[in-house]
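Notes follow the structure.
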Amino acid sequence: MKIKKIVALSTVAGLALAGLAFTPANAEPVANSYVLVGSDTLQDSTNALTNGTNASGSFLRVTSGGATLGNFDAFGGAAIQTKPNGPYFGRPAGSGAGVNALRASITGNPYSAGGTNTTPAKVITGQVDIARSSSGPGANANAAGQLLYVPYARDAVAYAYKGGTAAWATLTPVQLKQVFDGTLTTIDGAAIKPRLPQAGSGTRNFFLPAIGYASGTTVAPGVSDVGNATAENDATVLAEGEIIPFSVASWVAQANGVTGFNSTTATGVQLGSPIAGTTPFTGTAPALVPSATYYANTTFGRDTYLVVEQSRVVSGGAKYDAGLAALVSGTASSLNNFGSAASTPGAVKKKFGFLAPSTTTAQRAYLNL
């Protein structure tokens, strides 16, 4: 379980800026305004932005009209309560579950967390405002869709492994597919076994097509998913000889000590590169720097997103919500900002291993699957 909540010491409208520190805590208080759920890859940086951080050199906290936001981790207790007097419902673990929770919040259809989470399905109308997603809309993209995927930051995907030999650091996509097919079980004389994060993980769903599976593939022949509740971006889950997809931004953030959780120091674990001649990052911890070349790769680099209901962030409609629209507007006080000044959310996201997204153009997608 990864618990990385941060409690801020100040709350004001828009951005709170001061020379203040922050302390870790385990609480997940209900939101005073808007709620974010979903991707593990994005949760640490959004925890920092919504709860308060001085990671960029100045204290910064994103609020909405002076009201605090609620950012809920992908892993933790089975059930969460997101708004005052709201229902407890299954914790959305990952990008897919987060978007599904947003869908249910919009439609009023019962939401079930799925997977190994046995929390009963609940009606959660109005309980989720933003879904964190480490993958785009894919086949659900549609110019008339009711969901809007707003670019948040640029990440990349590599693989973490434990043990092995020097050859494991630079496995090619062809080799990786053979490993996940279950047809390549030994590399350089050492046994290798593939693992995948939990179903619904955006990192999992991105990685498999990147190494050669058909678009939309979410399972691999060499991996047993029975009862799979493996947390993504947690190298401590690896046994000797195991390999798993991993967000580069998450690795960098953990190694640099800004997350409150660091699995990169687990015995024998390393991050490998499937791109010939390019490493995912440079430097040494706690001063790792993401590689712009690696992130720019069109196969293993990826934009990440904040997903909202389109009609709530476009002015002029009956459902328009100015507060929510401001949070994804790209301005210096918005969650998806990627400015360079220390007083902007963009500077915080850089500390968490992200680079600017490849585009600021949002994509619409179908509400219903």
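The values are calculated or read from the model by the stated rules, or taken from the named source; none is laboratory data. A quick note: this is a predicted structure, and the numbers were derived from the prediction, not measured. Ideal geometry is used to build each Cβ from the backbone, glycine not excepted, and the neighbour counts take in all protein chains shown. The protein model used for the area step is the full one, side chains on, heavy atoms only, and it has no ligands, DNA or RNA in it. Shrake-Rupley method; radii C 1.70, N 1.55, O 1.52, S 1.80 Å.
Side notes on the structure shown:
- Between segment 99-155 and segment 67-88, the alpha-carbon center distance in angstrom: 15
- Note on the chain: Rg/Rh from Cα positions, Kirkwood definition for Rh, rounded to two decimals, is 0.95.
- Of the Cα atoms belonging to segment 295-361, the radius of gyration and Dmax stand at 13.7, 41 Å.
- For the chain, accessible area per residue (1.4 Å probe, heavy atoms of protein chains only), Å²: 37
- With at most 16 other Cβ atoms within 10 Å, longest stretch of the chain clear of loop chymotrypsin sites (Phe, Trp or Tyr not before Pro) (DSSP): 1-319
- Value of relative contact order over segment 76-221, rounded to a whole percent, pairs C-alpha under 8 Å and six or more apart: 20
- The relative contact order of the chain, computed from alpha carbon pairs under 8 Å that lie at least 6 residues apart in sequence, is 21 percent.
- Using the Stokes-Einstein relation with a Kirkwood hydrodynamic radius computed over Cα pairs, the translational diffusion coefficient of segment 70-117 at 37 °C and a viscosity of 0.692 mPa s comes to 300 µm²/s.
- The H on the amide N of T282, modeled in the peptide plane, is under 5 Å from the matching H of V289, S291, each at least 5 residues off or on a different chain.
- Across segment 200-336, Cα pairs under 8 Å and at least six residues apart give a relative contact order of 13 percent.
- For segment 320-368 versus segment 273-318, the spacing of their alpha-carbon centroids is 12 Å.
- Distance-filtered residues of segment 215-231 - backbone nitrogen under 17 Å, label point 7 angstrom along A191 Cα→Cβ: 222-224
- Amide N proximity, segment 91-134 versus T236 label position 7 Å along Cα-to-Cβ, cut-off under 19 Å: 94
- Segment 30-119 shape via C-alpha gyration tensor axes, a/c threshold 1.5: prolate
- Stretching K319 away from T293 to a fully extended chain increases their span by 5.2 nm, per 0.36 nm per residue minus the current alpha-carbon distance.
- Per-residue extension of 0.36 nm, minus the Cα-Cα distance of N228 and A214, leaves a gain of 2.8 nm for this segment.
- Cα shape, segment 160-312, gyration tensor, a/c 1.5 rule: rounded
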